[in-house]
Amino acid sequence: MAIFGALSTGRSGLINTGAALSVIGNNIANVGTTGFKAARVEFADLISAEAGGEVGKIGLGSRVGSVRTLFTQGSIENTGRSLDLSIEGQGFFVLREGQGQVYSRAGNFSLQPDGLVTNLIGNALQGAALNPDGTTAGGIQDISVAGLASQARATTTATLKGNLQSDAPLITGGFDPTSFQTAFATSNFSTSARTFDSLGKAHDVSVFFTRTGTNAWDVHYGVDAGDTGGTPGALQIVGNGTLTFNSDGTVATTGGNTASVTFSGATAQTITFNLGTAGNLDGMGQFASPSGINFVSQDGFGSGGLVSLNVDSRGIMTGTFDNGQTRPLFQLAIAHFAAPEGLTPSGNQLYRASVDSGPAAIATAGSQGNGTIVSSALEQSNVQIAQEFIDLISTQRSFQANARVITASDSLLGDLINIIR
């Protein structure tokens, strides 16, 4: 009977608009949830096609065709926290769950006591380990910084820049390396360069400049003998060289200028001192002004512990160590799907691959259509609160209208029953 069909049709409308209200309510409830993607209910109509003829054209109400997740970009807001990450464009962060992978747009990660970088519920962020030169060292794995340290590196080169006084007096008898006192007394100018041995221990190498003639200088390099197992406080000469200048104050020639030393317990090392290149003022110069050094650098450093982590736009995570060194550690894995709307939501802003989404294509940020990483920022929910309220009013009216269909059908059914009275 058509009246009973009307009741069934109204019932389907109530059930489906109730489902739509639930989806809208969930959107509104997550308006402040990081990385949340809004959803919408899409309805499909029902017809009694099996009946055939004109009867088959009568509708039987509606059904929920699909609940579609909307992967539009949410706004990106700075947080100032280095492990807050967001993707500007397409793509998903890859996380490990058990032996499988899940995917998310929520980038509020944190460092755990065991060194793992995880999301709020402990899923480990995935990425590829990198060598110090930035090349890939392995496949996709958990990003863990447990035990990471900056290994010490012995100094191999040192650079000095400054001026040697062109009219400095000649030293009678030349340079005397008997002790630090005589070395200072028999050099026109001295300075020191901080260097590191293979164990990361710092040592000062004293550099003595002695003028030997017009535009000509001897250079001697010495260390405290106590650093090499000798008598503490005694001078040990570990290298020497020569330095000549052109009439315009630029370097003419350099000779020697290396120091070979074996510090106690460390590997033997040779330190090459760069005092400038011929014809240039990129190192030492010789002018009439007083002698002085304005720049000292060297390529060694001591060991260091991890201080902070930073991620660039390509997803390369760089570690900064307390010895002043930085090096790349990992590159974040970014997943791309042919049909992201087919992903299956699993809560906590996580999604799983499905037949409808296709398999994950794992690449890196800024490649293969993936977006770039914005560090120290989070992608906010893409819920448009004004639109949700409009949809809420519309769905509420639809619910009321379907309730009226049931009320009207009930009234007609009552009239029909009352005919026999």
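Among the residues of segment 301-324, which ones are in a loop (DSSP other than H, G, I, E, B), more than 26 Å from Leu95 (Cβ to Cβ) and touching a Gly at 6+ places or on another chain (Cβ under 6 Å)?
Scanning segment 301-324 gives Gly302, Ser303, Asp322, Asn323.
Here is a yes/no grid of residues against (1) closer than 30 Å to Ala401 by Cα; (2) among the hydroxyl-bearing types (Ser, Thr, Tyr); (3) crowded, with 19+ Cβ neighbours inside 10 Å; (4) not assigned by TED's automatic domain parsing to the domain that holds Pro328:
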residue	(1), (2), (3), (4)
Leu95	no, no, yes, no
Gln99	no, no, no, no
Leu111	no, no, no, no
Thr136	no, yes, no, no
Ala146	no, no, no, no
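State yes or no: is Thr178 touching a Phe, Trp or Tyr at 6+ places or on another chain (Cβ under 6 Å) and either of a type in the set (D, E, K, R) or part of a loop (DSSP other than H, G, I, E, B) (or both)?
no
Within segment 363-421, count every residue that is aromatic (Phe, Trp, Tyr) and part of a loop (DSSP other than H, G, I, E, B).
Of the residues in that region, 0 qualify.
Results for (1) assigned by TED's automatic domain parsing to the domain that holds Gly115; (2) basic (Lys, Arg); (3) over 16 Å from Gln73 (Cα atoms), shown as yes or no for each residue.
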residue: Gln349; (1), (2), (3): yes, no, no
residue: Gly358; (1), (2), (3): yes, no, yes
residue: Val374; (1), (2), (3): yes, no, no
residue: Glu388; (1), (2), (3): no, no, yes
residue: Ser394; (1), (2), (3): no, no, yes
residue: Ser398; (1), (2), (3): no, no, yes
residue: Ser409; (1), (2), (3): no, no, yes
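Under 6 Å between Cβ atoms, at least 6 apart or on separate chains: pull out the pairs that start in segment 219-237 with a residue that is of a type in the set (Asp, Glu) and end on any residue that is surrounded by 15 or more Cβ atoms within 10 Å (Cβ to Cβ).
Close Cβ pairs (under 6 Å, with a partner that is surrounded by 15 or more Cβ atoms within 10 Å (Cβ to Cβ)) amount to Asp227/His203; Asp227/Phe263.
Out of Ala333, Ala353, I need the residue that is more than 26 Å from Asn27 (Cα to Cα) and hydrophobic (A, V, I, L, M, F, W, C). Which one?
On inspection, the qualifying residue turns out to be Ala333.
Can we say Ala252 is over 28 Å from Gly279 (Cα atoms) and not polar (S, T, N, Q)?
When the stated conditions are applied, Ala252 does not pass them.
For segment 160-178, does any single residue satisfy the condition of being outside the structural domain of Ser367 (by TED's automatic domain parsing), surrounded by fewer than 18 Cβ atoms within 10 Å (Cβ to Cβ) and of a type in the set (Phe, Trp, Tyr)?
Among the residues of segment 160-178, not one is outside the structural domain of Ser367 (by TED's automatic domain parsing), surrounded by fewer than 18 Cβ atoms within 10 Å (Cβ to Cβ) and of a type in the set (Phe, Trp, Tyr), which makes the answer no.
Being at pLDDT below 85, buried (at least 18 other Cβ atoms within 10 Å of the Cβ) and not small (Gly, Ala, Ser) is true for just one of Asn382, Asn402. Which residue is that?
Asn402
Can you tell me which of (1) touching a Phe, Trp or Tyr at 6+ places or on another chain (Cβ under 8 Å); (2) part of a loop (DSSP other than H, G, I, E, B); (3) surrounded by fewer than 16 Cβ atoms within 10 Å (Cβ to Cβ) is the one Gly347 doesn't meet?
Going through the list (1) touching a Phe, Trp or Tyr at 6+ places or on another chain (Cβ under 8 Å); (2) part of a loop (DSSP other than H, G, I, E, B); (3) surrounded by fewer than 16 Cβ atoms within 10 Å (Cβ to Cβ), Gly347 breaks only (1).
Within segment 152-194, which residues are touching a Leu at 6+ places or on another chain (Cβ under 9 Å) and aliphatic (A, V, I, L, M)?
Ala152, Ala154, Leu160, Leu164, Ala183, Ala193
Restricting to segment 259-271, name every residue that is crowded, with 16+ Cβ neighbours inside 10 Å and not in a loop (DSSP other than H, G, I, E, B).
Ala259, Val261, Gln269, Ile271
Given Ile121, Ile140, which one is outside the structural domain of Arg194 (by TED's automatic domain parsing) and part of a loop (DSSP other than H, G, I, E, B)?
None of the other options fit; the residue is Ile121.
Among all residue pairs at least 6 apart or on different chains, which show Cβ distances below 7 Å where the first residue, located in segment 77-100, is within 17 Å of Asp312 (Cα to Cα) and the second is buried (at least 16 other Cβ atoms within 10 Å of the Cβ) and acidic (Asp, Glu)?
Ser86/Glu379; Ile87/Glu379
Suppose the filter is modelled with pLDDT of 95 or more, within 16 Å of Gln298 (Cβ to Cβ), out of contact with any Cys (no Cβ under 7 Å at 6 or more places or on another chain) and assigned by TED's automatic domain parsing to the domain that holds Phe273; does His220 pass it?
no
The values are calculated or read from the model by the stated rules, or taken from the named source; none is laboratory data. Quick caveat: nothing in here was measured; it's all calculated off a predicted structure. In this analysis, Cβ positions are derived from the backbone assuming ideal geometry, glycine residues included, and neighbour counts consider all displayed protein chains.
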